[in-house]
Amino acid sequence: MAEKKDVPGLFRLFLRLGLTAFGGPAAHIAMMQREVVDKRKWMDHTQFLDLIGATNLIPGPNSTEMAIHIGQERAGWKGLLVAGACFIGPAVVITGVIAWLYQRYGQLPQVSAFIFGIKPAIIPVILAAGLPLAKRALKDAWLWVIAVAALAAGLAGVNEIYVMFGAGLVALARTRSLQGFVPLLLQAPALVVSNARIFFSFLKIGAILYGSGYVLFAFLDSELVAKGLLSRKVLIDAIAVGQFTPGPVFSSVTFIGWQMGGWKTAALATLAIFLPSFVFVALSHPLVPRMRRSRLFSAFLDGVNAASVAIILTVCIDFGRATITDWRAWVIAVASAAVVFGFPKVNSAFVILGGAVAGYLLHLVN
């Protein structure tokens, strides 16, 4: 393993990922795996998989929390702050600029062709990341059974947090000793700010939300649109912004906050939505190696990791159903797979950006 305490290395890596990581949490984590495990050897696949399992057990944006976990593992609290801020920062700045232009001109740029190309290109990237993780997570026949059951549950629409905890408990029950297993309860600190209503609305969402960015938008619909604080048109446009900007989809909150009250409200909303992730990771990260050393927690984590692999495959299947709907999408998906599996040293960011360009060019053909 490379030497720890590499804060400048974390800064460079996660700033670049923040600028180039398109495609949602699964694609982001796949890119992190290739950079952190395969390329830089900062940790092995087992450690990385344990961090994925830990991330899936706490609320908040998964890829952001993985960045924070990696930063803390690499360089302590400084690494935690640097990796998290660098991964989040570019998306927030880009989204803020788009939000200002939207407020000024009332419309978004036409980027649908680029988004069309990005979506099928990320599927091979996610699959390539999932294969080495599966080899290490599915260590015996029982974990294979858990993974298949988790895959079936995920495809049936069962919420992923239920799948995760259920898989962990099934694996734990195999040890025939549940005594002494106490779930970890984490609480985010309350802060007093001038615009308390907005701050605490976003803080609550960041502290309790499990699932994808689309679950985030469902929460925002009930918290803001239903209460008359935001129009549904702005929420829909925020979804589009989250799709065509790099980095975490939670940066859409910057766009929403800006429309609600300018840059100050945008900054407040952004701080509130991401703050719980930093707190949860800081509190839970030291427990991960202890969980692995404990017989009970290790069994639980094995089950969670098996379910994580199943959820990665579920994401790929769902993405495929939704995006590979015509010949152009098939061309992009097959070409991306050829690059990812035929030339594994090619940075996945170039694969995704190549998909975006291909999407634009293929739309000109039609």
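A few comments on the model shown:
- Mean separation of Cα pairs under 8 Å and 6 or more residues apart, divided by the residue count, gives the chain a relative contact order of 32 percent.
- Partners for Lys264 among lysines (Cα-Cα distance below 28 Å; same-chain residues under 8 apart left out): Lys78, Lys204, Lys227, Lys233
- Over the chain: Kirkwood hydrodynamic radius from C-alpha pairwise inverse distances, Å: 20.9 Å
- Per-residue ellipticity at 222 nm, computed for the chain from helices alone with -39500 (n - 2.57) per DSSP H run of at least four residues, works out to -25000 deg cm²/dmol.
- In summary, region 1-101 shows an alpha-carbon radius of gyration equal to 1.04 times the 2.2 N^0.38 Å reference for compact globular proteins.
- Viscosity 0.890 mPa s, temperature 25 °C, Stokes-Einstein D of region 95-165 from Kirkwood C-alpha radius, µm²/s: 154 µm²/s
- Region 64-145: trypsin sites (Lys or Arg not before Pro) in DSSP loop, at most 16 other beta carbons within 10 Å: Lys139
- Here's the list of lysines a cross-link from Lys345 could span, going by alpha-carbon distance under 17 Å and ignoring same-chain residues fewer than 8 apart: Lys39, Lys41.
- Rounded to whole Hz, the Karplus (6.51, -1.76, 1.60) HN-Hα couplings of region 125-132, x for glycine and proline: 4, 5, 4, 4, 6, x, 4, x
- Counted by Cβ distance under 9 Å from Gly9, the other residues give a net charge of +2, where Lys and Arg count +1 and Asp and Glu count -1.
Just so you know, all these numbers are worked out from the coordinates, no wet-lab data involved. From a predicted model like this one, the values you see are computed outputs, not experimental measurements. Cβ sites come from the backbone with ideal geometry, for glycine too, and all protein chains shown count toward neighbours.
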